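Notes follow once the structure below has been shown.
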């Protein structure tokens, strides 16, 4: 069930004052995040078919969340079609059929848009769902690959985004201050943005130093850039949920809402990492030389 967002003038205030219940629900959030994090780390470590199947299943669940957020009265074929297109595209990437995956994704997005238009429904949301869910999941599978370097690259991306999220949450709640984007996400502050960026950059640099994926200054700089991709992903999903007056994408994860709520930052980071390869070409990036 989708939880409706609270409304009221207090959400649009420009300043924040830490209150006594600011850490409410933190225990549930930490516990569920720890359990989910251990499972995800184990799957990334194992890789192979188990990892690909898990990503496909998660993509299907996120397609469901997207459909439920963007309209309770969506016909069943929108959910089925979106899940089928996204799941197939991700599976094709896992099989090394990248061109076929792109073709399936684009053709599926176009077909869903046409079907929605014929029914006089908003055609952009089903098509956008294919791209929003499919591209990051396919990027994750491609980045992981089949070798140890791919595993470490994914762990590095986790360190950047998770540290960014934790730093933004903890420092934003503790320090408070002016709101970052009050009309999009009333609880986010500039102090949280700065704190999250510092934490994410530091974590990425530390992991780069431990794993020796690339020169530490290179991955420290990339970590800094990717923290903004993580912040951006968080804000984009918040804007999307606010557009439909929804608080969480679902209630699958206690304390965190749905899967889309948990991976919003990573959803922008993984495609950015793939895009870095095509922009930079052969060179120092650890996922380029493979």
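The values are calculated or read from the model by the stated rules, or taken from the named source; none is laboratory data. Not measured: the values here are computed from a predicted model. With ideal geometry, Cβ positions are generated from the backbone for all residues, glycine too; neighbour counts draw on all protein chains shown.
Output the helices (runs of 4 or more DSSP H) that fall wholly within region 41-156 and possess 2 or more residues being within 18 Å of the chain's Cα centre (by Cα) and not assigned by TED's automatic domain parsing to the domain that holds residue 205, or say none. So that I can check it myself, show each step before the final result.
Numbers: elements: 48-70, 76-94, 98-118, 124-144.
The qualifying helices (runs of 4 or more DSSP H) are 48-70, 76-94, 124-144.
With respect to (1) under 20 Å from residue 148 (Cβ atoms); (2) touching a strand residue (DSSP E or B) at 6+ places or on another chain (Cβ under 8 Å), the lone exception for residue 192 is condition (1).
Please state which one of 127, 208, 168, 107 is within 27 Å of residue 51 (Cβ to Cβ) and crowded, with 17+ Cβ neighbours inside 10 Å. Lay out the reasoning, then the answer.
Numbers: 127 fails: within 27 Å of residue 51 (Cβ to Cβ); 168 fails: within 27 Å of residue 51 (Cβ to Cβ); 107 fails: crowded, with 17+ Cβ neighbours inside 10 Å.
Matching residue, one of 127, 208, 168, 107: 208.
Return yes when residue 52 is in contact with a helix residue (DSSP H, G or I) (Cβ under 8 Å, 6 or more places away or on another chain), at pLDDT 60 or above, on the phi < 0 side of the Ramachandran plot and surrounded by 14 or more Cβ atoms within 10 Å (Cβ to Cβ) and no when it is not.
On the way: in contact with a helix residue (DSSP H, G or I) (Cβ under 8 Å, 6 or more places away or on another chain): yes; at pLDDT 60 or above: yes; on the phi < 0 side of the Ramachandran plot: yes; surrounded by 14 or more Cβ atoms within 10 Å (Cβ to Cβ): yes.
So residue 52 passes the test.
When residue 263 is tested against (1) at pLDDT 85 or above; (2) within 27 Å of residue 47 (Cα to Cα); (3) touching a helix residue (DSSP H, G or I) at 6+ places or on another chain (Cβ under 7 Å), just one condition goes unmet, and that condition is (3).
It is to be established whether one or more residues within region 182-193 are in contact with a helix residue (DSSP H, G or I) (Cβ under 8 Å, 6 or more places away or on another chain), closer than 26 Å to residue 153 by Cα, assigned by TED's automatic domain parsing to the domain that holds residue 270 and in contact (Cβ under 8 Å) with a residue 40 or more places away in the chain. Step through it out loud before you land on a result.
We begin by selecting, within region 182-193, every residue in contact with a helix residue (DSSP H, G or I) (Cβ under 8 Å, 6 or more places away or on another chain); these are 182-189, 191-193.
In the following step, the residues that additionally are closer than 26 Å to residue 153 by Cα were identified as 192-193.
Remaining after also requiring assigned by TED's automatic domain parsing to the domain that holds residue 270: 192-193.
Restricting the remaining residues to those that are in contact (Cβ under 8 Å) with a residue 40 or more places away in the chain gives none.
Checking region 182-193: not a single residue is in contact with a helix residue (DSSP H, G or I) (Cβ under 8 Å, 6 or more places away or on another chain), closer than 26 Å to residue 153 by Cα, assigned by TED's automatic domain parsing to the domain that holds residue 270 and in contact (Cβ under 8 Å) with a residue 40 or more places away in the chain.
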